[in-house]
Amino acid sequence: MSGIISAKPFNDAFPQTRGNTTWQGFVTAIYEVGCLFGAIFILTFGDKLGRRRGIILGCGIMVIGVIIQIACVVGHGATAQLIIGRTITGIGNGINTSTVPTYQAECSNTNNRGLRLHRNLYQNLHGGKPPTPQPRFARV
């Protein structure tokens with residue numbers, strides 16, 4: 001959100017964030033609060049729910065949160081709606097971030113488990129395809 005939250009069109013749509021660093025920080029950080037609640041939820045109910053259902057639930061919650069965010073109408077509580085949508089999206093992301101690596105590790109072969117988990121972490125952090133790993137030693 002760092003590049004968007006200070007942009008004029010964003011501030012026109014969500015006037016509480018214009019020049020107010022407290023509101024900007026709150027709108028940005030509420031997503032991580034949602035992630036925390038999602039992670040706590042899946043920690044509590046993940047074994048009963050199962051990995052696949054947990055991932056499907058997390059994705060469904062994220063879709064609902066995104067719909068709430070994109071349906072904001074200027075002048076009709078748009079900032080509150082954005083905050084609620086970001087919180088809900090964060091809950092879904094917290095569920096998925098806590099569940100997917102475990103599910104991947106359970107489904108992977110032992111010879112490529114580390115590579116798959118590394119790629120998942122890289123994509124979460126950088127949002128793209130990781131570079132192809134180079135072999136450590138040349139084969140003769």
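The values are calculated or read from the model by the stated rules, or taken from the named source; none is laboratory data. On a predicted model such as this, the values are computed, not experimentally measured, just so you know. Heads up: the accessible areas ignore ligands, DNA and RNA and are worked out on the full protein's heavy atoms, side chains in. Shrake-Rupley method; radii C 1.70, N 1.55, O 1.52, S 1.80 Å.
Expressed as an acute angle from 0 to 90° and rounded to the nearest 10, what is the orientation of the C-alpha long axis of helix 78-107 relative to the principal long axis of the chain? In the chain, helix 78-107 runs at an angle near 10 degrees to the longest axis.
Sequence-distant contacts, meaning Cα pairs under 8 Å at least 6 residues apart, place the relative contact order of the chain at 26 percent. Solvent exposure of D47, expressed as accessible area, is near 140 Å², computed with a probe of 1.4 Å over the protein chains only.
For Rg/Rh (Cα atoms, Kirkwood Rh), computed directly from the structure shown, the correct entry in (i) 1.10; (ii) 0.96; (iii) 1.36 is (i).
Sorted largest first by accessible area at a 1.4 angstrom probe radius, with every protein chain in place, the residues L115, L43 fall in the order L43, L115.
Please compute the Kirkwood hydrodynamic radius of the stretch 28-79 from all pairs of different C-alpha atoms, in Å with one decimal. Before the final figure, lay out the partial values.
Working: mean 1/r = 0.0796 Å⁻¹.
The Cα-based Kirkwood calculation yields 12.6 Å.
If the chain linking V66 and A7 were pulled fully straight, counting 0.36 nm for each residue of separation and taking away their Cα-Cα distance, it would gain 19.2 nm.
Of the heavy-atom accessible surface of the chain (probe 1.4 angstrom), what whole percent is carbon and sulfur? Each step should come with its number before you reach the end.
Numbers: 5930 of 9380 Å².
Heavy-atom surface of the chain belonging to carbon and sulfur, 1.4 Å probe: 63 percent.
Counting only heavy atoms of the protein chains and using a 1.4 Å probe, S98 has close to 50 Å² of accessible surface. Principal-axis analysis of the Cα atoms of the chain puts helix 51-70 at an angle of about 30° to the longest axis.
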